[in-house]
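The values are calculated or read from the model by the stated rules, or taken from the named source; none is laboratory data. Given the structure is predicted, the values throughout are model-derived calculations rather than measurements. Cβ placement follows ideal geometry from the backbone for every residue including glycine, while neighbour counts extend to all protein chains displayed. Heads up: the accessible areas ignore ligands, DNA and RNA and are worked out on the full protein's heavy atoms, side chains in. Shrake-Rupley method; radii C 1.70, N 1.55, O 1.52, S 1.80 Å.
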Amino acid sequence: MGFMLILIAIIFFSLGILSKRNPTWGWRANEAWKIKGDSEPSDAYIDDMKFRGSVSILFGFFFLTCGLLVIFL
């Protein structure tokens, strides 16, 4: 069980770091098809993705802590 929690933590960490470093990586697939013509993501969208990345990293720390506690206790 502990190793599964650590695996989940690694997934959250990687997605969080990806969202913090490159917040527009999924914009074209998720949002661009809704807009007619050529467009770029807004500043609000970029800030929102950076915030979601931070939250994902926090969840990663939580799952990592729980996984280590399960393994060592």
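Restricting attention to the stretch 2-16, the residues that are open to solvent by 80 Å² or more (accessible area, probe 1.4 Å) and under 8 Å from the mean Cα position of the chain (by Cα) total 1. Once the stretch 17-59 is narrowed to residues that are hydrophobic (A, V, I, L, M, F, W, C) and open to solvent by 90 Å² or more (accessible area, probe 1.4 Å), the residue that is farthest from PHE72 (Cα to Cα) is TRP33. Report, by residue number, each residue of the stretch 26-46 that is in a helix (DSSP H, G or I) and under 22 Å from LEU15 (Cβ atoms). TRP27, ARG28, ALA29, ASN30, ALA32, TRP33, ASP43, ALA44, TYR45, ILE46 - these are the residues of the stretch 26-46 that are in a helix (DSSP H, G or I) and under 22 Å from LEU15 (Cβ atoms).
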